[in-house]
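Take a look at the structure set out below.
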Amino acid sequence: MKYQLRNTILDLLIRIEKDSGFSHLVIDNELKSKRIAPKDEGLLTEIVYGTIQRKMTLDYFLNHFVNANKKMDQWVRMLLRMSLYQMIYLDKVPDHAIIHEAVEIAKQRGHKGVSSLVNGVLRNVQRNGVPETASIKNDAARLSIETSHPKWLVERWVSTYGLQTATAMCEANLTKKHSSIRVQPLKITREKAMQVLREQGFEVRKSIFSPQGIIVDKGNILNTMLFKEGYVTIQDQSSMLVAEMLDPQPGMHVLDGCSAPGGKVTHIAEKMENEGVIHAYDLHKKKVKLIDDKAALLHLSIIDAKPGDARKLEDMHERESFDRILIDAPCSGLGVIRGKPEIKYDKREEDIHRLSEIQTEILESAAPLLKKDGLLIYSTCTVDAEENENVIKQFLLNNTGFQIDPSFFETLPSELKDSPGITEQGLQLFPQTFQTDGFFLTRLKKMG
């Protein structure tokens, strides 16, 4: 590995931790800058993601080689983490090269004492290996260290879903999931898009979540004309399920209360064959442009996107004026840890309590706007019952004119009907079950 590449990786890791930046955005911006050689892009992504994903595990190992009372600059600890990550989890670079480059960076950025420390720690690891985790007797504490998830979060998942499911979820969050795309059916069929991609050397297969969905096992979709010209768009399979289950029809009046960046609302517009009206809102004005840009790229004209607080939807529209409503509520994001690993370190239990209150407020605000016999989808990209099933239970207690749509479970894709995440309140997708994001959705019906 080139010395400069390693320096860049260290800078990115420091920026993500120091500025609470989203790893995928920081990495994307670096790759777009073209400062990194194409052959090094995969390694950069692997080391940055891997070091963040396993931060707690790496720190557990390091603490056996560094005195706990020793003061250490942030960049030194990060340098040790990323070096340790490569030594333990990657086979691409030999240990002696990793240690040599780490020492060179330490010399450049610090003083002789720092380079000696880095050299000593890494050579000690090379000689002795890292400590076992079997000595940690408490199941949740051991799982926390082994999979690098905060202990409070592991305990919460074990309490809700049991140790087996919690373990599978934590382990899935350390793996790479396949990317997936959605075709714009007004411009191209799924079969044609798959044929074009295969001719370009891609490995693709159909998604079970949506007749528009394609799983990309091999190939970078961002470099294709299909993507650049709006024939396909990137979307997780779990998110594709939303528009499918909302069942919007051409000519309908639809509301999307929390719309940015626009993946689900553009899918809804495609299902409506670009006929009808969709009112789309997002709390942040600058994010509304993301919706407009995506709609323009996909050549969809029925989306009216505006800034607006989803807790005040009643102030913006007449009662019973929408055939379909989507509330893809702001949430803790604990279902997308695999793609944004820093999330698990930034969240606190009180965040979940606060968000569940906001989610309930948004649902309460949207409910009066739905026509009788209309359908409302509530979804989140989290795996926490307090934000999912419990919000729905509370809403149904307060709104006796609504019920879980009985046909929701019958109309799920056949492979999902026996999913382990099915409850009376809806469908909880776990990241390990179908290799998607962790995701919850249900469909409510307003009784006539």
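The values are calculated or read from the model by the stated rules, or taken from the named source; none is laboratory data. Here the structure is a predicted model, which is why all the values come from computation and not from measurement. Glycine also receives a Cβ, built like all others from the backbone with ideal geometry; neighbour counts cover every protein chain displayed. Surface accessibility is based on the protein's heavy atoms, side chains included, excluding ligands, DNA and RNA. Shrake-Rupley method; radii C 1.70, N 1.55, O 1.52, S 1.80 Å.
Listed values for segment 4-20 are Karplus-derived 3J(HN,Hα) couplings in whole Hz (6.51 cos²θ - 1.76 cosθ + 1.60, θ = phi - 60°), namely 5, 4, 5, 4, 5, 4, 4, 4, 5, 5, 5, 5, 5, 6, 6, 9, 6, and x replaces Gly and Pro. With the charge dipole of the chain set up from +1 on Lys and Arg Cβ and -1 on Asp and Glu Cβ about the Cα centre, the Cα lying farthest toward the positive end among the listed residues Ala280, Ala68, Ile325 is that of Ala68.
Farthest toward the positive end of the dipole of the chain, out of Ser144, Leu375, Leu90, is the Cα of Leu90, where the dipole comes from beta carbon charges about the Cα centre.
The calculated Kirkwood hydrodynamic radius for segment 19-58 is 10.9 Å, given to one decimal from all distinct C-alpha pairs.
Across the cross-link table entries Lys192/Lys306; Lys32/Lys286; Lys107/Lys344, which are compared at the Cα atoms, the separations over 23 Å belong to Lys192/Lys306; Lys107/Lys344.
Would you compute, from DSSP H runs of 4+ residues alone, the mean residue ellipticity of the chain at 222 nm, taking -39500 (n - 2.57) per run and dividing by the full residue count, rounded to the nearest 500?
-14500 deg cm²/dmol, from helical runs alone.
Using a probe radius of 1.4 angstrom, the carbon and sulfur fraction of the accessible surface of the chain is 49%.
What does the net charge come to around Thr382 if you take all other residues with beta carbon closer than 10 Å to its beta carbon, with K and R at +1 and D and E at -1?
Values: positive: Lys347; negative: Asp384, Glu386, Glu387, Asp437.
Computed value for this residue: -3.
Accessible area ranking (1.4 Å probe, heavy atoms, ligands and nucleic acids excluded), largest first, for Asp304, Asp437: Asp304, Asp437. With springs only between Cα atoms under 10 Å, which of Lys187, Lys306, Lys70 fluctuates most in a Gaussian network model of the chain? With Cα springs under 10 Å in the chain, the top fluctuation among Lys187, Lys306, Lys70 is at Lys70. Segment Gln435..Asp373, full-extension length gain: 18.9 nm, with 0.36 nm per residue of separation and the alpha-carbon distance subtracted.
Work out the FRET efficiency for Glu229 and Lys137 from their Cβ-Cβ distance, taking R0 = 41 Å, and round it to the nearest 0.05.
Numbers: r = 57 Å, r/R0 = 1.40.
That pair, Glu229 with Lys137, gives E of 0.10.
Computed from label points 7 Å out along Cα-Cβ, the spacing between Asn398 and Gln4 is 5.7 nm. Other residues lying with their Cβ under 14 Å from the Cβ of Phe322 contribute a combined charge of -2, Lys and Arg counting +1, Asp and Glu -1. Among Ser356, Ser179, Ser33, the residue with the largest mean-square fluctuation in a Gaussian network model of the chain, with springs joining Cα atoms closer than 10 Å, is Ser33. Taking packing as the residue-averaged number of other Cβ atoms within 10 angstrom, the listed peptides 222-233, 134-145 run from highest to lowest as 222-233, 134-145. Peptides 315-321, 295-301 ranked from most to least packed give 295-301, 315-321, packing being the mean of other C-beta atoms within 10 angstrom over each peptide's residues. With the Kirkwood sum run over all distinct C-alpha pairs, segment 1-88 has a hydrodynamic radius of 13.5 Å.
With the convex hull constructed from alpha-carbon coordinates only, segment 302-344 shows a mean projected area of 4.9 nm² over all directions. Per residue, segment 324-448 exposes 35 Å² of accessible surface when a 1.4 Å probe is rolled over the protein heavy atoms with every protein chain present.
When the chain is treated as a Gaussian network with alpha carbon springs shorter than 10 Å, the biggest mean-square fluctuation among Asp59, Asp19, Asp256 belongs to Asp19.
Taking a ≥ b ≥ c as the square roots of the eigenvalues of the alpha carbon gyration tensor, segment 231-388 is oblate, as a/c is not under 1.5 and a/b does not beat b/c. State which entries of Lys71/Lys137; Lys71/Lys112; Lys55/Lys347; Lys176/Lys289 exceed 23 angstrom in Cα-Cα distance in the structure shown. As for pairs spanning more than 23 Å Cα to Cα, those are Lys71/Lys137; Lys176/Lys289. A simple rule links phi to the HN-Hα coupling: the Karplus curve 6.51 cos²θ - 1.76 cosθ + 1.60 with θ = phi - 60°, which for segment 199-212 gives 5, 8, x, 6, 10, 9, 8, 6, 8, 7, 7, 7, x, 9 Hz, with x for Gly and Pro. Working ranking of peptides 265-275, 338-348 by packing, defined as the average number of other Cβ atoms within 10 Å per residue, highest first, is 265-275, 338-348.
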